[in-house]
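Down below is the structure, laid out as structure tokens.
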Amino acid sequence: MKPQVKADLAMLLVTLFWGSSYLFMQMGLTDLQTFNLIGLRFGIAFVIAALFFHKRLRKTTRKTIFHAFIMGAILFGVFATVTEGVKTTTASQAGFLVSLTVILVPLLSILLKNRPETRVFFGAGIALIGIGLLTLTKELHITQGDALCMATAVFYATHIILTGRLAPQTDAILLGIYQLGFAGLFGFLLSYLVETPKLPSTPKAWLAVLALSILCSAIGFVVQTVAQKYTSPTHTGLIFSLEPVFAALFAFLISGETLTVRGYIGAALVLISVLIAEFDLKRWLAGKRSTLPKQDLPL
């Protein structure tokens with residue numbers, strides 16, 4: 001099996017884990033408060049990742065710690081908004097709204113004077129229609145949970161852009177490990193200040209915390225870092241676009257969640273917008289043509 005195929009399969013597994021995370025967050029919130037759950041999730045993930053790469057920790061520098069502090073703060077923003085958001089929206093709806101990150105990354109790049117391609121603007125227009133169908137009530141109001149999940153997409157897009165800037169300046173794996181630690185630290189601090197921190201008290205809550213910590217955070221972030229060395233950004237983006245599909249699938253299979261007909265149409269439009277933003281059809285067709293065997297000219 002080629003390295004790229006292995007990497008793509010690894011990324012598909014990570015996407016599967018992340019698609020399940022919305023349901024696990026809802027499960028964990030039945031016993032734990034928002035910041036408490038975030039602290040446990042990333043605290044455990046940090047310990048696991050640090051133990052796995054303990055020899056690498058010797059290369060830690062002040063620069064790595066500083067960058068990880070910034071990244072961890074934004075990562076905390078990502079999961080504070082989505083964890084709070086899934087309290088008042090469905091797991092499947094949250095998955096589709098967070099997938100708007102793919103649209104927002106190139107749009108926010110305008111601030112860095114990197115104008116996105118035309119297809120991104122086209123995809124953004126379709127995404128807005130999809131969001132309207134997916135989230136607006138009869139009174140034309142967006143629920144608090146939906147608004148928080150859209151804020152998650154903004155935080156996540158900022159995190160991706162900043163990662164692209166900071167990762168080349170330091171050890172990417174160490175950056176990933178320490179940002180988990182800082183995200184967990186912020187969660188524990190806020191939980192201590194405004195909540196009553198505790199350990200999970202039910203098997204269901206423990207299952208949710210361990211799944212979020214081990215599968216969705218520790219394994220997810222490490223596998224993503226390693227796999228992206230062997231596959232292209234296009235492949236990565238297309239595979240990650242399946243996250244909301246997996247989120248909806250898990251929500252249906254485990255908790256019987258379904259959307260309205262209008263919601264399914266909106267979700268489909270959001271997914272189409274993500275594919276439009278990630279998939280360069282012209283370049284793909286040009287690549288296909290260049291690999292076709294040349295035909296001999298008739299004599």
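Structure summary
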| quantity | calculated |
| --- | --- |
| When residues of the range 12-68 are limited to those that are of a type in the set (Ser, Thr, Tyr) and open to solvent by less than 60 Å² (accessible area, probe 1.4 Å), the one modelled with the lowest pLDDT | Thr15 |
| Residue check for Phe76: over 22 Å from Phe246 (Cβ atoms), buried (at least 24 other Cβ atoms within 10 Å of the Cβ) and either hydrophobic (A, V, I, L, M, F, W, C) or touching a Cys at 6+ places or on another chain (Cβ under 9 Å) (or both) | yes |
| Any helices (runs of 4 or more DSSP H) falling wholly within the range 92-209 and containing at least 2 residues that are acidic (Asp, Glu) | none |
| All positions within the range 241-257 that are without any contact (Cβ under 8 Å) to a residue 40 or more places away in the chain and not in a helix (DSSP H, G or I) | Gly256 |
| Residue pairs meeting the criteria (Cβ under 8 Å; at least 6 apart or on separate chains; first within 26 Å of Lys55 (Cα to Cα), in the range 156-176; second of a type outside the set (A, V, I, L, M) and in a loop (DSSP other than H, G, I, E, B)) | Thr170/Thr61; Ile173/Phe53; Leu174/Phe53; Leu174/Thr60 |
| Sole residue being hydrophobic (A, V, I, L, M, F, W, C), closer than 22 Å to Ala251 by Cβ and without any contact (Cβ under 8 Å) to a residue 24 or more places away in the chain, chosen from Ile110, Ile142, Ile131 | Ile142 |
| Residue check, Ile265 open to solvent by 70 Å² or more (accessible area, probe 1.4 Å), modelled with pLDDT of 70 or more and out of contact with any strand residue (DSSP E or B) (no Cβ under 9 Å at 6 or more places or on another chain) | yes |
| Condition broken by Trp206, with the remaining ones in (1) at pLDDT below 90; (2) surrounded by fewer than 19 Cβ atoms within 10 Å (Cβ to Cβ); (3) aromatic (Phe, Trp, Tyr) satisfied | (1) |
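The values are calculated or read from the model by the stated rules, or taken from the named source; none is laboratory data. Note that this is a predicted model, so its numbers are computed, not measured. Reconstructed Cβ throughout: ideal geometry from the backbone, glycine too, with neighbour counts over all protein chains shown. Each accessible area value is taken on the protein alone, full model and side chains, heavy atoms only, with ligands, DNA and RNA left out. Shrake-Rupley method; radii C 1.70, N 1.55, O 1.52, S 1.80 Å.
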